[in-house]
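> Just passing along the structure, written as structure tokens.
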Amino acid sequence: MTNTTDNPLFYQTNSVTPMVSRARGIYIWDDSDKEYIDAASGAIICNIGHGDEKILEAVNEQAKSTFFTYRTQFENRPAVDLASKIVAHSPPLLDKVFYVSGGSEAVESAIKLARSYFYSRGEGSRHLLISRAPSYHGSTLGALSCTSYAPLEMPYRPLLKSPPKIPAPYCYRCQYGLTYPECEVACAMALETTIREQGEENVAGFIAEPIGGASTGALVPPEEYFGIIREICDKYGILLILDEVMTGFGRTGKLFASEHWNLEPDIVALSKGMASGYYPLGAIISRNSIVESVLDGGGFPHGHTYAGNPMACAVGLAVLNRILDDQLVANSAAMGTRLLDGLHRLAKDYPVIGQVRGRGLLTALEFVEDRATAAPFANEKDVGNLMTREAFQRGLIIYPRRSINGIAGDHTLIAPPLITTAPQIDEILNRLDDTLKSVSRTLASPANNGR
Ligand code: PLP
């Protein structure tokens with residue numbers, strides 16, 4: 001069965017998708033037994049791939065004991081063990097964990113913890129969270145306020161706080177029209193200007209994805225970017241929140257993307273790869289000094305019912321063990337290099353590829369009509385979705401978005417599970433090659449040029 005008009009479910013659009021039959025490793029099969037390579041890891045979540053026996057064992061084991069207890073009534077062993085392990089492997093000063101059940105909840109919790117911190121210190125005017133454009137931090141109203149991706153925000157703008165945004169380090173389309181390194185990383189310096197404009201006494205924090213996710217397509221900042229950001233945060237006493245919901249748990253070739261620059265954030269939001277799709281799970285990790293101040297100042301009035309339940313944490317622990325014990329972070333780095341090399345080779349053959357981006361197994365292609373000017377394709381050509389459909393027909397799942405704040409431009413994420421092997425990377429590249437051949441032909445056809 002497919003989800004046709006008889007299907008009572010609804011999602012963002014009317015699009016019809018095949019019914020899944022089973023999933024294992026990096027593969028998914030539909031009910032007609034067609035095989036797909038999951039080169040999007042779902043929504044960049046299934047870091048350890050599908051159908052992992054070790055996770056099934058952990059679920060079965062935990063099920064014999066306890067599925068759910070509520071955190072205000074009982075502590076549970078998996079929750080403590082997972083938190084300890086996360087703290088042991090996270091940046092040095094991050095030593096307190098607060099569980100949630102997803103990425104948006106993690107971002108909401110980070111925003112509220114930052115605000116609560118200043119509130120507890122008697123700095124009640126500090127409430128603004130500066131973020132970047134474009135960006136993606138989640139779909140709940142607080143996380144969406146920090147997000148910059150026009151189609152997701154537009155209908156809800158009257159409901160949203162609109163905190164200040166600074167340009168993302170999107171050098172390919174620099175919002176200042178500058179070129180790196182002559183720009184002197186003006187997009188990072190913009191944080192200081194914005195803090196001054198808003199009044200430092202009003203600013204609580206700055207939130208950013210360390211390596212861009214959906215909205216900016218695996219955007220890697222200039223090497224010195226986060227060093228400058230950290231200095232500015234310290235100078236004005238504001239908290240640096242990293243949204244590692246997509247980049248965490250090995251996705252970019254380090255366990256956490258902050259490690260690429262030895263960056264020490266104040267609060268980190270986590271989810272996705274944390275339970276790799278086997279159970280809803282997320283968390284924030286924070287400096288103890290922040291948590292102590294909040295708890296001593298009256299507590300943290302925030303939380304969600306499912307937070308830190310034994311089954312979610314048992315799954316999270318088994319996933320983290322799988323990532324650490326089987327060197328999946330190193331595999332992500334090595335296979336990421338192989339994938340990026342292959343994408344650069346494809347870019348030589350297909351002028352529709354304007355830029356190849358990424359780190360580890362978080363990679364992206366941005367598509368352009370004219371490589372010399374980086375002019376994007378007209379929206380009517382819908383190149384991102386065309387690529388996705390053509391890839392899907394060829395048994396390859398990729399993840400498209402619009403590059404210019406969701407309004408124009410096309411990119412696609414290619415982010416297979418961290419278990420992907422070298423021959424599987426090569427097969428992903430083969431299927432992409434076929435897809436690009438077909439899409440380039442379609443775009444060059446007179447019918448398309450006339451539009
Ligand atoms: N933050 C980032 C960087 C994300 O990529 C996402 C989801 O894609 C979220 C937050 C929101 O996570 P969720 O969809 O689990 O609420």
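> Go through the residues of segment 363-381 one by one and say whether even a single one is open to solvent by 10 Å² or more (accessible area, probe 1.4 Å), without any contact (Cβ under 8 Å) to a residue 40 or more places away in the chain, hydroxyl-bearing (Ser, Thr, Tyr) and outside the structural domain of Val80 (by TED's automatic domain parsing).
yes
> Of the conditions (1) buried (at least 16 other Cβ atoms within 10 Å of the Cβ); (2) under 27 Å from Asp243 (Cα atoms); (3) among the aromatic types (Phe, Trp, Tyr), Tyr70 clears all except one; give me its number.
Failing condition for Tyr70: (1).
> State the number of residues belonging to segment 386-425 that are at positive phi and either basic (Lys, Arg) or surrounded by fewer than 24 Cβ atoms within 10 Å (Cβ to Cβ) (or both). Lay out the reasoning, then the answer.
Step one: list which residues in segment 386-425 are at positive phi, which gives 395, 405-406, 409.
Restricting the remaining residues to those that are either basic (Lys, Arg) or surrounded by fewer than 24 Cβ atoms within 10 Å (Cβ to Cβ) (or both) gives 395, 405-406.
Count: 3.
> Please go through segment 150-166 and pick out each residue that is in contact with a Lys or Arg (Cβ under 8 Å, 6 or more places away or on another chain) and either open to solvent by less than 20 Å² (accessible area, probe 1.4 Å) or part of a loop (DSSP other than H, G, I, E, B) (or both).
Ile166
> Only one of Thr435, Thr421 is within 23 Å of Trp29 (Cβ to Cβ) and without any contact (Cβ under 8 Å) to a residue 60 or more places away in the chain; which?
Numbers: Thr421 fails: without any contact (Cβ under 8 Å) to a residue 60 or more places away in the chain.
Just one listed residue meets the conditions, Thr435.
> Among the residues of segment 84-111 satisfying the criterion of being assigned to a strand (DSSP E or B) and away from the ligand (no atom under 12 Å from the Cβ), which is least open to solvent (accessible area, probe 1.4 Å)? Explain how you work it out, then say what you get.
Within segment 84-111, the subset assigned to a strand (DSSP E or B) is 94-100.
Narrowing further to those that are away from the ligand (no atom under 12 Å from the Cβ): 94-99.
Numbers: Leu94: 2, Asp95: 66, Lys96: 90, Val97: 41, Phe98: 52, Tyr99: 28 Å².
Among them, the one singled out is Leu94.
> So which pairs qualify, if the first residue must be in segment 29-48 and farther than 19 Å from Ala333 by Cβ and in contact (Cβ under 8 Å) with a residue 12 or more places away in the chain, the second must be within 16 Å of the ligand (Cβ to nearest atom) and part of a helix (DSSP H, G or I), the Cβ gap must be under 7 Å, and the two must be at least 6 apart or on different chains?
As it stands, the answer is Ile45/Lys272; Ile45/Gly273, since those pairs meet every condition given.
> Ok, one more. Going by what's in this entry, would Ile211 be described as in contact with a Lys or Arg (Cβ under 6 Å, 6 or more places away or on another chain), modelled with pLDDT of 95 or more and either surrounded by fewer than 17 Cβ atoms within 10 Å (Cβ to Cβ) or under 27 Å from Tyr399 (Cα atoms) (or both)?
Working: in contact with a Lys or Arg (Cβ under 6 Å, 6 or more places away or on another chain): yes; modelled with pLDDT of 95 or more: yes; either surrounded by fewer than 17 Cβ atoms within 10 Å (Cβ to Cβ) or under 27 Å from Tyr399 (Cα atoms) (or both): yes.
Against the criterion (in contact with a Lys or Arg (Cβ under 6 Å, 6 or more places away or on another chain), modelled with pLDDT of 95 or more and either surrounded by fewer than 17 Cβ atoms within 10 Å (Cβ to Cβ) or under 27 Å from Tyr399 (Cα atoms) (or both)), Ile211 qualifies.
> Turning to a different aspect of this structure: Would you mention how many residues in segment 117-163 are among the basic types (Lys, Arg) and in contact (Cβ under 8 Å) with a residue 24 or more places away in the chain? Full working, then the answer.
Going through segment 117-163, the residues among the basic types (Lys, Arg) turn out to be 121, 126, 132, 157, 161.
Adding the requirement that they be in contact (Cβ under 8 Å) with a residue 24 or more places away in the chain leaves 121, 126, 132.
Residues that pass the stated criteria total 3.
> Further, regarding this structure: Condition first: of a type in the set (S, T, N, Q) and farther than 30 Å from Ala23 by Cα. Can you find one or more residues in segment 292-303 that meet it? Step through it out loud before you land on a result.
We begin by selecting, within segment 292-303, every residue of a type in the set (S, T, N, Q); these are 293.
Add one more test, that the residue is farther than 30 Å from Ala23 by Cα, and what stays is 293.
Looking through segment 292-303, at least one residue is of a type in the set (S, T, N, Q) and farther than 30 Å from Ala23 by Cα.
> Going through Ser120, Ser139, Ser125, Ser135 one at a time, which residue ends up being surrounded by fewer than 21 Cβ atoms within 10 Å (Cβ to Cβ) and within 14 Å of the chain's Cα centre (by Cα)?
Working: Ser120 fails: within 14 Å of the chain's Cα centre (by Cα); Ser125 fails: within 14 Å of the chain's Cα centre (by Cα); Ser135 fails: surrounded by fewer than 21 Cβ atoms within 10 Å (Cβ to Cβ).
Of the residues listed, the single one that is surrounded by fewer than 21 Cβ atoms within 10 Å (Cβ to Cβ) and within 14 Å of the chain's Cα centre (by Cα) is Ser139.
The values are calculated or read from the model by the stated rules, or taken from the named source; none is laboratory data. Keep in mind it's a predicted model, so treat the numbers as computed, not measured. Reconstructed Cβ throughout: ideal geometry from the backbone, glycine too, with neighbour counts over all protein chains shown. These area figures cover heavy atoms from the full protein model, side chains too; ligands, DNA and RNA do not enter into them. Shrake-Rupley method; radii C 1.70, N 1.55, O 1.52, S 1.80 Å.
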